[in-house]
Amino acid sequence: MAENVDLDADRKREILALERALDTLNHFEVLGLRPGASSAEVKKAYHEASRRYHPDRYFGKNLGTFRARVERIFKLVHESYAVLIDPQRRAQYEAAHPELATKATKADNLKTPEDAQRSAERRARFARHPYLTRLTKVHELLASGKKSLASGDFSKAYADLHLASQLDPKNHDVHELILKVRHRHEQIRAADELQRGQAAEKAGDLELAAKTYVTAANLDRRSALAAFKAALLLRQNGQDPKEARVLAQRAVDLEPDKADHRFLLAAILENAGLAKLANRHREEGIKLNPNHPEAKKRQSKKSRWPF
Amino acid sequence: MPPEPVIGIDLGTTNSVVGTVQGGQPAVIKNRLGQNLTPSVVAVTKSGKQLVGQIAKRQAVTNPEGTVYAAKRLIGRKYSSERVQQVLKTLSYPVGCGDHDDIRVQLDGKMISLPEISAAVLRELKLDAEAFFGQPVSKAVITVPAYFNDGQRQATKDAGKIAGLDVLRIINEPTAAALAYGFGKDVSGRVAVFDLGGGTFDISVLEISKGVFDVAATGGDTLLGGEDFDNRVVEALVFGFAKEHGIDLRKDRMALQRLKDAAEKAKIELSTVNETQVNLPFICTPSGGGSALHLQRALTREKLEELTEDLCERTIVICEQVLAEAKVRPDDLKEVILVGGMTRMPRIMAKVKNYFRREPCKGVHPEEVVALGAAVQANALINEDSRVLLLDVTPQSLGVAIAGGYARKLIPKNTTVPTSMTEVFTTSKDCQTTVKIMVLQGESEIARENELLGEFVLSGLREATRGEVEIEVTFEINSEGIVSASAKDKETGIKQSITVIASGGLSREELDQILEEQGGDLIDDLGSGDLADCKRALKDTMREVRALLPKVTAAMNGSDFGMDALRRAEQTLTQGEQALKGKSISAMVASTDQLTRTLNLFKGWLQRIGTRAS
């Protein structure tokens with residue numbers, strides 16, 4: 001433990017404990033599986049364990065005696081996998097270790113009290129194993145995160161998953177889910193901001209309204225309403241024309257059939273000196289809604305031919 | 001300072017490619033001529049200049065004896081082996097036998113080992129990479145055909161070392177292709193890589209799952225590739241010509257080289273057109289006088305397919321074997337990836353499509369994908385955050401020789417490394433006190449048909465009837481692919497072990513010697529060309545000045561003016577020595593200039609004195 005190597009203390013502890021425990025673990029335990037796990041689970045667990053214990057993970061690092069330990073762990077992980085993935089070898093192994101095979105079929109229906117005791121001991125030992133405990137914890141957090149997600153409690157789901165990802169940063173499932181949750185979470189926040197913005201607009205605080213709309217649009221990039229409102233207010237307040245143009249363009253991209261969006265974009269483009277582009281959007285807008293006040297204004301302007 | 005860049009090198013039979021991962025994307029590094037592919041050709045011109053790559057290939061026709069191509073087919077092999085003898089028949093450059101049955105190429109009057117030839121190509125690629133990054137590059141992953149044995153891998157590693165590279169890992173070409181294919185994509189499932197290159201054929205089956213690349217099985221033939229297809233065409237042309245004129249063109253090295261070039265070109269053309277012409281004017285002059293003969297022949301795709309049908313078929317037979325070993329049916333595969341220029345041949349494509357019952361993957365560039373994959377692996381090893389992990393396998397079985405001349409496998413092929421295996425053996429004779437452990441690599445049941453990697457003796461066994469003394473033999477392959485073997489007498493606990501350092505044709509001493517020689521005469525920062533020329537010029541001038549010094553000293557006879565000039569001459573000579581030790585071209589050129597001036601001065605004096613004296 002005192003050895004000065006390129007590993008953090010947690011990692012060292014984990015490797016030491018697992019290496020010490022290796023000889024007492026059965027093939028399922030080595031991979032962190034329960035007896036009776038399916039081939040797909042075996043394969044997944046093997047790949048997961050390889051990610052942690054393949055010596056290439058520590059390439060070019062000073063591992064001292066830990067290199068031999070890691071190699072030994074990986075060899076056993078691979079050996080366990082090789083046995084469990086090959087139907088023939090697995091059948092042989094389960095025949096030689098009937099307690100593992102029976103558990104697969106009737107997990108809780110143990111024959112004798114001794115059996116039950118042994119199984120409990122095994123499970124307890126199993127649970128103490130640091131790599132496995134961490135893995136179980138990650139799995140628990142993942143499950144609870146999924147549950148919160150299903151019940152709509154996104155902030156709780158986010159907290160759980162965030163913790164899980166810190167425990168096991170390379171876990172792909174957690175990573176994917178966390179992205180999804182973050183996205184949902186942001187959508188909800190965007191909706192809140194949008195409401196706040198509308199309230200502020202009603203109250204007449206246009207500056208604040210513009211700010212909250214922009215925040216909402218940034219949080220949820222798929223909300224056309226937020227983008228439109230933000231662009232509109234920015235234009236009215238005469239703030240940041242570039243940002244306004246981007247937002248207005250986004251509103252048009254998201255909902256190209258809204259005449260309002262078209263006219264807003266046209267107006268902003270015109271101000272920016274892009275008359276041609278502005279005209280194109282304006283014509284689209286007129287096509288979409290000829291009765292729009294902007295459209296009428298435009299027409300009346302057109303009829304007033306200057307002499 | 002940015003971290004030192006790492007590169008991946010596909011050292012091919014006909015062409016080599018270097019790649020790197022930049023900004024999270026693997027990319028090919030163009031050579032200094034602006035091409036992605038550098039021909040794996042090394043030549044020494046009549047004037048003693050070393051050429052590598054495209055320029056070497058271009059002058060092959062006029063310099064067949066001094067141009068080495070397809071060195072990969074010979075690297076790490078034994079001179080006496082039957083297959084090498086077969087290959088030698090088709091080569092246009094002279095090849096000899098080295099001290100330990102290794103192959104040497106005769107170039108410019110010297111016998112050069114194959115790792116040195118490959119090193120010249122690697123050095124060129126290294127320089128291209130350095131030109132690209134603008135900083136020194138030394139860390140590289142190099143690929144070899146999956147079916148290369150330990151000796152061939154070691155020889156490739158030696159080549160890297162000679163070229164001044166720190167070879168992080170030697171990986172298999174099909175694996176590299178799969179790495180490049182799966183990199184950055186979230187693919188999961190089994191894929192097959194069908195790699196028919198210039199000299200070798202490989203097929204590998206991998207399971208990809210979220211960045212973990214697990215090789216299930218791999219196999220191939222190290223002497224089946226584009227060169228063999230070319231040779232079939234050459235044979236047909238030679239045969240036709242012999243029938244017409246009664247002359248065997250193979251005896252003429254220059255004609256053979258022209259034939260090879262034309263055959264390769266015709267073969268490539270026939271991948272896109274149905275018929276092509278082979279035109280080789282003035283191919284030979286009959287020995288009895290008379291006008292020169294021309295070779296002119298039309299070649300159809302059908303004819304090419306007929307000539308090479310058995311080669312195409314062999315690839316599929318090997319595919320069947322490997323898929324059976326991986327316990328995979330063609331239907332279970334998610335994708336078939338084609339690698340190597342030869343997979344452009346329509347007949348090969350059709351065969352693959354027919355066997356795997358699907359359209360092969362079109363998403364990868366067959367000639368560049370291997371180098372990209374090597375770069376991905378180099379990056380994965382160096383970069384901690386990489387999600388890529390390669391679980392590679394041993395391509396061939398490892399075992400020991402047992403009584404009766406048989407081989408007993410300890411680590412079967414396609415075992416994921418690192419791995420170790422222990423088995424108990426017994427003595428085979430009464431009162432046997434020593435056993436010889438011979439470490440073998442190969443699939444044959446007969447010991448001598450396998451490659452011998454190393455041997456050692458365990459002695460001091462108890463005298464007993466046969467079968468009583470038990471010896472525990474352990475084989476181990478670590479993650480670097482290095483094999484070690486140990487044997488233990490179970491009773492006494494006596495132990496013997498070796499780490500197998502396969503000889504790639506070069507002994508340790510020879511390799512050290514080559515590396516040392518290079519230290520003195522390094523062609524490091526410019527490769528073949530300028531620096532060597534500058535050095536030579538400087539050395540020559542220095543020699544001339546030194547030769548004149550005694551004469552001048554005598555002629556000056558202690559005059560003040562003369563002594564001063566002499567002292568300055570000595571100074572310039574010391575400067576020259578220093579410039580020679582360094583690698584700076586400008587210092588050398590400056591020194592050479594100064595020395596030339598001194599030389600002219602001396603010559604002038606001597607001339608005047610000489611005329612006065614006479």
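The values are calculated or read from the model by the stated rules, or taken from the named source; none is laboratory data. Since this is a predicted model, take the numbers as computed values, not measurements. Cβ atoms come from the backbone with ideal geometry, glycine included; neighbour counts cover every protein chain shown. SASA here: full protein model, heavy atoms, side chains in, ligands and nucleic acids out. Shrake-Rupley method; radii C 1.70, N 1.55, O 1.52, S 1.80 Å.
Key figures for this structure:
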{"quantity": "Some residue of the range B:99-116 being closer than 30 Å to B:Ser209 by Cα and assigned to a strand (DSSP E or B)", "calculated": "no"}
{"quantity": "Within the range B:361-387, considering residues that are open to solvent by 20 Å² or more (accessible area, probe 1.4 Å) and at the interface with chain A (Cβ under 10 Å from one of its Cβ atoms), the one nearest to A:Ser50 (Cα to Cα)", "calculated": "B:Arg387"}
{"quantity": "Selection from the range B:71-92 of residues that are more than 20 Å from B:Arg232 (Cβ to Cβ) and β-branched (Val, Ile, Thr)", "calculated": "B:Ile75"}
{"quantity": "Any hit, the range B:333-342, residues being touching a Gly at 6+ places or on another chain (Cβ under 9 Å) and open to solvent by 80 Å² or more (accessible area, probe 1.4 Å)", "calculated": "yes"}
{"quantity": "Selected residue (only one of B:Leu390, B:Leu440 is within 14 Å of chain A (Cβ to nearest Cβ) and within 24 Å of the chain's Cα centre (by Cα))", "calculated": "B:Leu390"}
{"quantity": "Criterion violated by B:Glu264 - all others in (1) on the phi > 0 side of the Ramachandran plot; (2) open to solvent by 20 Å² or more (accessible area, probe 1.4 Å); (3) in contact with an Asp or Glu (Cβ under 8 Å, 6 or more places away or on another chain); (4) not hydrophobic (A, V, I, L, M, F, W, C) satisfied", "calculated": "(1)"}
{"quantity": "Verdict on B:Lys495 being among the basic types (Lys, Arg), surrounded by 15 or more Cβ atoms within 10 Å (Cβ to Cβ) and away from every other protein chain (no Cβ under 14 Å)", "calculated": "no"}
{"quantity": "Residue in the range B:240-255 that is aromatic (Phe, Trp, Tyr) and not in a strand (DSSP E or B) present", "calculated": "yes"}
{"quantity": "Residue list for the range B:117-157, restricted to those being part of a loop (DSSP other than H, G, I, E, B) and open to solvent by less than 40 Å² (accessible area, probe 1.4 Å)", "calculated": "B:Val137, B:Ser138, B:Pro145, B:Ala146, B:Phe148, B:Asn149"}
{"quantity": "Filtered residues of the range B:189-211 (kept if part of a strand (DSSP E or B) and of a type outside the set (A, V, I, L, M))", "calculated": "B:Gly189, B:Arg190, B:Phe194, B:Asp195, B:Phe201, B:Asp202, B:Ser204, B:Glu207, B:Ser209"}
{"quantity": "Residues (open to solvent by 20 Å² or more (accessible area, probe 1.4 Å) and part of a loop (DSSP other than H, G, I, E, B)) located in the range B:223-239", "calculated": "none"}
{"quantity": "Residue within the range B:160-175 that is surrounded by fewer than 24 Cβ atoms within 10 Å (Cβ to Cβ) and either out of contact with any helix residue (DSSP H, G or I) (no Cβ under 9 Å at 6 or more places or on another chain) or in a helix (DSSP H, G or I) (or both) present", "calculated": "yes"}
{"quantity": "Enumeration of residues in the range A:32-53 that are of a type in the set (A, V, I, L, M) and either open to solvent by 50 Å² or more (accessible area, probe 1.4 Å) or more than 14 Å from chain B (Cβ to nearest Cβ) (or both)", "calculated": "A:Leu33, A:Ala37, A:Ala40"}
{"quantity": "Failed item, numbered, when B:Gly219 is tested on (1) open to solvent by less than 10 Å² (accessible area, probe 1.4 Å); (2) modelled with pLDDT of 90 or more", "calculated": "(2)"}
{"quantity": "Residues satisfying the stated conditions in the range B:1-26, i.e. over 21 Å from the mean Cα position of the chain (by Cα), under 27 Å from B:Leu179 (Cα atoms) and open to solvent by 40 Å² or more (accessible area, probe 1.4 Å)", "calculated": "B:Pro2, B:Pro3, B:Glu4, B:Gln22, B:Gly23, B:Gly24, B:Gln25"}
{"quantity": "Selection count where residues are without any contact (Cβ under 8 Å) to a residue 60 or more places away in the chain, within 14 Å of chain A (Cβ to nearest Cβ) and buried (at least 21 other Cβ atoms within 10 Å of the Cβ), scope the range B:411-437", "calculated": "1"}
{"quantity": "Helices (runs of 4 or more DSSP H) fully within the range A:1-79 counting 1 or more residues that are closer than 25 Å to B:Asp385 by Cβ", "calculated": "A:9-21, A:39-53"}
{"quantity": "Meets criteria (within 24 Å of B:Gln377 (Cβ to Cβ) and in contact (Cβ under 8 Å) with a residue 12 or more places away in the chain) for A:Pro55", "calculated": "yes"}
{"quantity": "B:Phe183 vs. criteria open to solvent by 10 Å² or more (accessible area, probe 1.4 Å) and either in contact (Cβ under 8 Å) with a residue 60 or more places away in the chain or within 13 Å of chain A (Cβ to nearest Cβ) (or both)", "calculated": "yes"}
{"quantity": "Checking B:Ala324 against (1) of a type in the set (Gly, Ala, Ser); (2) in contact (Cβ under 8 Å) with a residue 40 or more places away in the chain; (3) more than 14 Å from every other protein chain (Cβ to nearest Cβ); (4) in a helix (DSSP H, G or I), the condition it does not meet", "calculated": "(2)"}
{"quantity": "Residue under evaluation B:Arg297, criteria (1) assigned to a helix (DSSP H, G or I); (2) among the basic types (Lys, Arg); (3) in contact (Cβ under 8 Å) with a residue 60 or more places away in the chain, criterion not met", "calculated": "(1)"}
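Each row is one residue, and each column tells you yes or no for (1) within 14 Å of chain A (Cβ to nearest Cβ); (2) without any contact (Cβ under 8 Å) to a residue 12 or more places away in the chain; (3) under 20 Å from the mean Cα position of the chain (by Cα); (4) under 19 Å from B:Arg329 (Cα atoms).
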{"position": "B:Ile208", "(1), (2), (3), (4)": "yes, no, no, yes"}
{"position": "B:Gly211", "(1), (2), (3), (4)": "yes, no, no, no"}
{"position": "B:Val215", "(1), (2), (3), (4)": "yes, no, no, yes"}
{"position": "B:Gly225", "(1), (2), (3), (4)": "no, no, yes, no"}
{"position": "B:His245", "(1), (2), (3), (4)": "no, no, no, no"}
{"position": "B:Met254", "(1), (2), (3), (4)": "no, no, no, no"}
